[in-house]
Amino acid sequence: FDYEVQFGHAGARARGDEETAGAKNRALAKAGAHVPRSFDEFGDLIAAVYQVLVKAGAIVVAAEPSVPKLPSDYDALKKKGLVRKPANIVCSISDDRGAEATYAGVPISEVAKDEQLGVGGAICLLWFRRRLPPYFCKFIELCMITTADHGPCVSGAHNTIVAARAGKDLVSSLISGLATIGPRFGGALDDAARMFCEAFDLKLTPEKFVEKCKAEKTVIAGIGHRIKSLDNPDARVVLIKEYVKKHLPSTPLLDFALAVEQVTTKKKASLILNVDGCIAVCFVDLLRTCGEFSRSEADDFVTHGVLNGLFVSSRTLGLVGHFLDQRRLKQPLYRHPQDDVTYLA
């Protein structure tokens, strides 16, 4: 520039004496405004004007409010060990806080290396929170093997297959199959254990038990099969019975159930002790005779649904297999044939 230029805020500039900051301050002072000589005097001048206005009564000083007491910072207090937070979840079966996760206090690597534990032993640690005898662990594995699948025609497999062929993902297809498990399909284990235990503990004879159920119009859970009979026994039931008879010192509930079978099959040959009923009574015998549980603990496990949990766990293996099978075979969308439907409309 060929002349003096004074720049202010935001790029403003003064092109003459009347546009400079000093000129503006002098004009403000002449008009009656309180103008500090420099920016540093702003605070002092404001305080002085405030005091003048207070003395003149133009400003009434309000009472200073009390300073609110702020709560202490939780994280800081927690570090000092002064507070603890109540847990939202309580877990007693596993722990992942250390260098290695544990099942009921046993490191996973130890579970994997222990040949006597295996899958059955891992289930025992997670479900029962303790090591159980090898024969107990093997019985669980035997149940999982014998009930993992029962062909594509049963409810669970059928639903999984239909969902898989509809393009659903593995989890959705699996849920579709698992949702069919109930009192009519696979979910009779808990009911069978409850019914046989109740009758046995009441010291009912097999005949009285059957008569009682008939009078109450109650189906005996664990009795009956659509295909199998005394002359055509279920191989899975035979395997399970032979195993527990070999490894358990006594099988009182299984013996009672077999005596009930002798009564029911006199009425109809297919009213046999099925795989659900056999697993249920044998599992109760295991709980009650293995020496690891009190009677109340054993009964609580049955009440809590451990037997249906066993079926759900094992059948999950088969349902996943059916899903993968349908994907591998590239099966198209399933549509039920009309000639297999009776239309009433």
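No value in this document is a laboratory result; all are computed from the given coordinates. Everything quoted here is computed from the prediction, not taken from an experiment. Cβ coordinates were reconstructed from backbone atoms using ideal geometry, including for glycine residues, and neighbour counts include every protein chain displayed.
In this calculation the C-beta distance from residue 108 to residue 184 is compared with R0 = 30 Å, giving a FRET efficiency of 0.20. The spacing between region 288-345 and region 77-134, judged by their C-alpha centroids, is 27 Å. Would you look at the GNM of the chain, springs on alpha carbons closer than 10 Å, and say which of 244, 263, 49 moves the most? Looking only at 244, 263, 49, the largest GNM fluctuation is found for 49.
Ordering of 302-311, 214-223 by packing is 302-311, 214-223, highest average first (other Cβ atoms within 10 Å, averaged per residue). Per-residue ellipticity at 222 nm computed for the chain from its helices equals -16500 deg cm²/dmol, with DSSP H segments shorter than 4 residues left out and the rest contributing -39,500 (n - 2.57).
Put a dot 7 Å past the Cα of residue 247, heading toward its Cβ, do the same for residue 31, and the two dots end up 10.0 nm apart. The peptide list 167-176, 186-195, put in order of mean Cβ contacts within 10 Å with the highest first, becomes 186-195, 167-176. Each label point was placed 7 Å from the Cα along the Cα-to-Cβ direction; for residue 52 and residue 267 their separation is 11.0 nm. Stretched out straight at 0.36 nm per residue, the stretch from residue 38 to residue 295 would grow longer than its current Cα-Cα span by 83.4 nm. Extending 7 Å from Cα along the Cβ direction at residue 255 and again at residue 24 yields two label points whose distance is 10.8 nm. Can you match Kirkwood radius over Cα pairs in Å to one of these, (i) 22.8; (ii) 27.6; (iii) 25.2, based on a calculation from the structure here? Of the labelled values, this structure produces (ii).
Between residue 100 and residue 317, the C-beta separation translates, for a Förster distance of 25 Å, into a calculated FRET efficiency of about 0.40. Checked against a 22 Å cut-off, the cross-linked pairs 212/268; 217/245; 246/267; 168/228; 138/203 give Cα-Cα distances beyond that limit for 217/245; 246/267; 168/228; 138/203. Long hydrophobic helices in the chain, taken as whole DSSP H segments with a C-alpha length of 27 Å or more on their own axis and mean Kyte-Doolittle hydropathy at least 0.0: 306-329. Computing FRET efficiency as 1/(1 + (r/R0)^6) for residue 205 and residue 327, where r is the C-beta to C-beta distance and R0 is 51 Å, gives about 0.45. For the peptides 315-324, 107-116, 156-165, residues were scored by their other Cβ atoms within 10 Å and the scores averaged per peptide; the highest-first order is 156-165, 315-324, 107-116.
For region 53-67 versus region 163-195, the inter-centroid distance based on Cα atoms is 76 Å.
Subtracting the Cα-Cα distance of residue 172 and residue 69 from their residue separation scaled by 0.36 nm leaves 31.8 nm.
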